[in-house]
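Q: Starting off with a structure, shown below.
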Amino acid sequence: MKSKQVRTLLTILLTAVFLFCLAMILRQQMQYQKIISDSNEAAEIAGLRETSIHTRTPMLPEAPQKTEVPSMPEAAAALMDIDLEALRSVNEDVVGWIEIPGTELSYPLMQGTDNQYYLSHNWKGEKSGGGSVFLESVNSQDLTDFHTIAYAHRMRNDTMFGTLKYYKEPDFWQAHPDFYVVVDDGIYHYDVFSAQEVNVKGIVYRLDIEENHLEEEFLQYCVENSVIDTGLTPEASDRILTLSTCTGSGHATRWVIHGVLREIYQTGNNDS
């Protein structure tokens with residue numbers, strides 16, 4: 001009799017555990033779908049060529065603007081007419097759009113008054129476990145600082161900054177050596193020059209690099225500690241954008257890729 005009761009209790013316990021795990025899986029899948037839905041909605045509002053940013057490939061505009069630079073890469077041309085003002089009509093915290101061509105990473109770029117809000121809110125300001133891609137709150141939103149940092153979660157389905165983990169492999173870097181950020185001044189084209197795991201208290205997260213003339217020290221650290229050899233060595237006069245996400249192995253370190261600004265292309269909405 002006692003043995004039967006034990007078996008019954010075990011069955012109930014295992015069933016409860018199974019149902020809990022199933023609920024967590026379903027919740028996670030719903031979160032992933034919400035991230036994709038939100039980003040596709042943003043792409044549609046911004047006027048990108050196709051509704052789904054997660055399946056599209058860069059396309060040249062049907063009617064190129066006279067201001068287009070002849071040597072503009074197709075990936076940049078696909079972003080040329082992006083409508084940031086349309087996105088700001090939904091949320092004024094939108095400062096731009098960020099994309100690594102050929103990957104899941106294509107999202108509105110936000111900036112809040114702190115670095116906490118957009119960890120748990122989507123680009124529309126709604127509560128979301130996936131958060132948003134957002135700039136360090138003290139950085140200039142026009143990307144004119146020597147070192148700018150953008151943050152986002154490392155989602156397991158490769159949304160948000162989940163893609164960045166693949167930069168541990170040279171083959172991935174060779175296939176995706178650059179990324180783009182659209183801001184009011186134009187399309188900023190960055191070359192990836194370093195990828196590494198860094199301490200959250202290290203030089204990568206210092207906000208006084210320019211103030212204390214640490215540009216050379218910062219760049220030396222980035223190049224020497226990179227897990228991939230890109231052959232690129234930026235100079236102190238360059239502008240750097242670091243994409244930062246978690247490592248999945250604790251809170252003491254972060255996984256980052258560093259990009260150096262190479263070109264600025266004029267957008268279709270910028271007549272200056």
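The values are calculated or read from the model by the stated rules, or taken from the named source; none is laboratory data. What you see is a predicted model, and the numbers here were worked out from it, not measured in a lab. In this analysis, Cβ positions are derived from the backbone assuming ideal geometry, glycine residues included, and neighbour counts consider all displayed protein chains. Side chains included, ligands, DNA and RNA excluded: accessible areas come from the protein's heavy atoms. Shrake-Rupley method; radii C 1.70, N 1.55, O 1.52, S 1.80 Å.
Q: Filter the stretch 155-169 for residues that are modelled with pLDDT under 95 and open to solvent by 50 Å² or more (accessible area, probe 1.4 Å) and give the result.
A: Within the stretch 155-169, Arg156 is the sole residue that qualifies.
Q: When residues of the stretch 79-135 are filtered for being more than 16 Å from His153 (Cα to Cα) and under 10 Å from the mean Cα position of the chain (by Cα), how many remain?
A: The number of residues fulfilling the criteria is 1.
Q: I would also like to ask the following. Check the stretch 242-257 and report whether any residue there is modelled with pLDDT of 95 or more and farther than 19 Å from Lys168 by Cβ.
A: No: zero hits.
Q: Among the numbered conditions (1) among the polar types (S, T, N, Q); (2) crowded, with 18+ Cβ neighbours inside 10 Å; (3) closer than 24 Å to Asn115 by Cα, tell me where Thr267 comes up short.
A: Exception for Thr267: condition (3).
Q: Can you tell me which residue in the stretch 228-250 is farthest from Tyr190 (Cα to Cα), limited to those that are β-branched (Val, Ile, Thr) and in contact (Cβ under 8 Å) with a residue 60 or more places away in the chain? Explain how you work it out, then say what you get.
A: Residues of the stretch 228-250 that are β-branched (Val, Ile, Thr), as a first pass: 228, 230, 233, 240, 242, 245, 247.
Checking the rest, the ones that are also in contact (Cβ under 8 Å) with a residue 60 or more places away in the chain come to 228, 240, 242, 245, 247.
On the way: Ile228: 17, Ile240: 8, Thr242: 10, Thr245: 18, Thr247: 23 Å.
Ranking the candidates gives Thr247 first.
Q: Is it the case, given these coordinates, that Arg206 is basic (Lys, Arg), at pLDDT 95 or above and either surrounded by fewer than 17 Cβ atoms within 10 Å (Cβ to Cβ) or under 25 Å from Asp142 (Cα atoms) (or both)? I'd like the intermediate steps shown before the answer.
A: Numbers: basic (Lys, Arg): yes; at pLDDT 95 or above: yes; either surrounded by fewer than 17 Cβ atoms within 10 Å (Cβ to Cβ) or under 25 Å from Asp142 (Cα atoms) (or both): yes.
Criteria met by Arg206.
Q: Can you tell me which residues in the stretch 137-151 are within 14 Å of the chain's Cα centre (by Cα) and open to solvent by 10 Å² or more (accessible area, probe 1.4 Å)? Break it down stepwise before answering.
A: Residues of the stretch 137-151 within 14 Å of the chain's Cα centre (by Cα): 148-151.
Once the filter is applied, which keeps residues that are within 14 Å of the chain's Cα centre (by Cα) and open to solvent by 10 Å² or more (accessible area, probe 1.4 Å), the stretch 137-151 yields only Tyr151.
Q: When the stretch 190-242 is examined, which residues are found to be more than 23 Å from the chain's Cα centre (by Cα) and not acidic (Asp, Glu)?
A: Selection gives Asn212, His213, Leu214, Gln220, Gly231, Ala236, Ser237.
Q: Kindly indicate whether any position in the stretch 81-89 is within 19 Å of Gly162 (Cα to Cα) and buried (at least 24 other Cβ atoms within 10 Å of the Cβ). I'd like the intermediate steps shown before the answer.
A: Step one: of the stretch 81-89, the residues within 19 Å of Gly162 (Cα to Cα) are none.
Scanning the stretch 81-89 turns up no residue that is within 19 Å of Gly162 (Cα to Cα) and buried (at least 24 other Cβ atoms within 10 Å of the Cβ).
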